[in-house]
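The values are calculated or read from the model by the stated rules, or taken from the named source; none is laboratory data. Predicted model, so just to flag it, every value in this text is computed and none were measured. Cβ atoms come from the backbone with ideal geometry, glycine included; neighbour counts cover every protein chain shown. Quick note on the areas: whole protein, heavy atoms, side chains included, nothing else; ligands and nucleic acids left out. Shrake-Rupley method; radii C 1.70, N 1.55, O 1.52, S 1.80 Å.
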Amino acid sequence: MKPYKEMSKDELVSLKAELDKQFEDAKSKGLKLDMSRGKQSVAQLDMTMGLMDVFDSSSVLKTEDGMDCRNYGLMDGIPEAKKLLGDMIGVPAENVLVFGNSSLSVMYDIISHAMTHGIMGSTPWCKLDKVKFLCPAPGYDRHFKITEYFGVEMITIPMTLEGPDMDLVEKYVSEDAAVKGIWCVPKYSNPLGISFSDETVRRFANLKPAAKDFRIIWDNAYAVHHLYDDKQDTILEILSECEKAGNPDMVIELCSTSKVSFAGGGIAGLAASKANLDYIRESMTVRTIGYDKVNQLRHVKYFKDINGIAAHMKKHADIIRPKFEAVLDVLDRELNGLGVGEWTKPVGGYFISFDSMEGCAKEIVAKCKEAGVVLTGAGATFPYGKDPKDSNIRIAPTFPTPEEMAAATDLFVLCVKLVSVNKLLESK
């Protein structure tokens, strides 16, 4: 079929009638599928149930150096867990703190503390006339919600295939002292699935901020989340790059096992310079006596080391890879050449990013919901939920079965076609 934009009005009207009928047929199937968030499937969660068998009532819950994990102590994490998480992201254990199950809550605390107490002696953000944060987009909606919650002005930075537009980043960071940070998902980014190039990472490390309390929030959520053995992205390690550039304190890196073990029962880590870690520990001593060291030890005993995590992640990949391929097969077969959308083909992570014709995303998402398939809200991947082109849609393939995923994608492409035809007819 030729591109929709090359069709005459009569051809589009005829195609619309056909697509309207197909849509009514699709609605009658009673689909109820959720592709709105990057959730693990039941098969993935079941695969990790051995984690629950690591301990029983007779287990000795002590670290290698004899600390009893049932008791107080080691507020910032047991040494073995620091090493495990450090190895996941390629940093030394002494640069790691271990928290509870959610890295998102750690990021919230970082912004909250900066607002009320400042960063390493700087003026608390709440006492400043203006606080700004750079937000590469399409990006992670929950990052944007944190800065929006605290009333921080968010500045959209366009994403490229190599990472954020670094010319813009460098300009904002070097010229405006009100710019206090930037959100980043550097590997298999949410939702594009791209990884930052070496040049991008080095340019980050060599930033010259006008604000001494500027921080890169480096959310390395998908560090070990490859889909293929023979196609795997690698990125430069940001802490060491910042050290080499003379900016050791500029980055705070996050990671977790939320999509390695259990989303509701994993462990999260923070990696940073010694000065940053000391500053963060100060507030930790007020906030908590310590996180769940039994769960930290459980993860260490179960995975043992980075090789155990790598082997486990291959099992995850075997489950979710067919789902990604099912989506991409349908998109390629049904939409290639029509000129109504473009999409990413990631080799890792949890998402596929789809860009519709301008002004169509909200209507596509609404049409899908009408027929029983729930997607992430259009615009969610941009600050304030406002996609200026109304085109980006995040597809999360992991939770449904491959068969459900194919059915959901069939409906998705039908909605893309129908909304695109309607849009073109409006302009005829």
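Just a few scattered comments:
- Solvent-accessible area of the chain (1.4 angstrom probe, protein heavy atoms only): carbon and sulfur portion equals 50 percent.
- Overall form of region 226-284 per C-alpha gyration tensor (a/c, 1.5; a/b vs b/c): oblate
- Set of region 306-347 residues, backbone N closer than 15 Å to the point 7 Å along the Cα-Cβ line of E11: 337-340
- In range of the label at R287: residues from region 111-144 whose backbone nitrogen is under 14 Å from the point 7 Å along Cα→Cβ: 111-120
- Partners of K27 within straight-line reach, counting lysines whose Cα lies under 23 Å from its Cα and excluding those fewer than 8 residues away in the same chain: K16, K323, K362, K367, K369, K417, K423.
- Taken one residue at a time, the phi angles of region 291-306 give Karplus couplings (6.51, -1.76, 1.60, θ = phi - 60°) of 8, 6, 6, 4, 5, 4, 5, 4, 5, 5, 5, 6, 8, 6, 7, 5 Hz. Gly and Pro are set to x.
- Between S112 and K212, the modelled labels are 2.7 nm apart [label points 7 Å from Cα along Cα→Cβ].
- Treating r as the C-beta distance of A177 and S427 and R0 as 51 Å, the FRET efficiency rounds to 0.70.
- Taking a sphere under 11 Å around the Cβ of M166 and counting the other residues whose Cβ falls inside, with K and R at +1 and D and E at -1, yields a net charge of -2.
- Computed over every Cα-Cα pair of region 284-379 and binned at 10 Å starting from 0, the pair-distance distribution P(r) comes out as 11, 28, 23, 19, 16, 3 percent.
- The H on the amide N of C184, modeled in the peptide plane, is under 5 Å from the matching H of I217, D219, each at least 5 residues off or on a different chain.
- Among 127-139, 344-356, the peptide with the highest mean count of other Cβ atoms within 10 Å heads the list, and the full ranking is 344-356, 127-139.
- In the chain, the calculated helix contribution to ellipticity at 222 nm averages -13000 deg cm²/dmol per residue, counting -39,500 (n - 2.57) for every DSSP H run with n ≥ 4.
- Neighbour-limited loop hits for trypsin sites (Lys or Arg not before Pro), region 51-109 (at most 15 other Cβ within 10 Å; DSSP other than H, G, I, E, B): R70
- For region 166-279, share of DSSP beta bridges that run antiparallel, in % to the nearest 5: 35 percent
- Note on K127 and S57: their simple-model spin labels are 5.5 nm apart, each label 7 Å out from Cα toward Cβ.
- For the pair K231 and L168, a Förster radius of 45 Å applied to the C-beta separation gives a FRET efficiency near 0.90, rounded to the nearest 0.05.
- Computed accessible area, T376, all protein chains, 1.4 angstrom probe, square angstrom: 10 Å²
- Net charge of Cβ neighbours under 15 Å - reference E325; Lys, Arg +1; Asp, Glu -1: -4
- Gyration tensor verdict on the chain (Cα atoms; rounded if a/c is under 1.5, prolate if a/b is larger than b/c, oblate otherwise): oblate
- Derived scalar couplings between HN and Hα for region 22-34 equal 4, 5, 5, 5, 5, 4, 5, 6, x, 5, 9, 10, 10 Hz in order, rounded to whole Hz, by the Karplus curve 6.51 cos²θ - 1.76 cosθ + 1.60 (θ = phi - 60°), x for Gly and Pro.
- Length released on extending from M1 to M75, taking residue separation times 0.36 nm less the Cα-Cα span: 20.4 nm
- Under the combined filter of DSSP loop state and at most 15 neighbouring Cβ atoms within 10 Å, region 205-271 retains these trypsin sites (Lys or Arg not before Pro): K212, K231.
- In this simple spin-label model, placing a label point 7 Å from the Cα along the Cα-to-Cβ direction at both K345 and D68 gives a separation of 5.8 nm.
- A Gaussian network model of the chain, with springs between Cα atoms under 10 Å, assigns the largest mean-square fluctuation among T156, T116, T398 to T116.
- Probing with 1.4 Å while keeping every protein chain in the model, the per residue accessible area of the chain equals 43 Å².
- Neighbours of E148 by Cβ distance under 14 Å: Lys/Arg scored +1, Asp/Glu scored -1, total +2.
- Under 5 Å from the amide H of S256 lie the amide H atoms of G269, each residue being 5 or more positions distant or on a separate chain, with H modelled from the backbone and absent for Pro and chain starts.
- Net length gained if the chain between K369 and T401 were fully extended (0.36 nm per residue, minus Cα distance): 9.7 nm
- A probe of 1.4 angstrom, applied to the heavy atoms of all protein chains, finds K274 with accessible area near 140 square angstrom.
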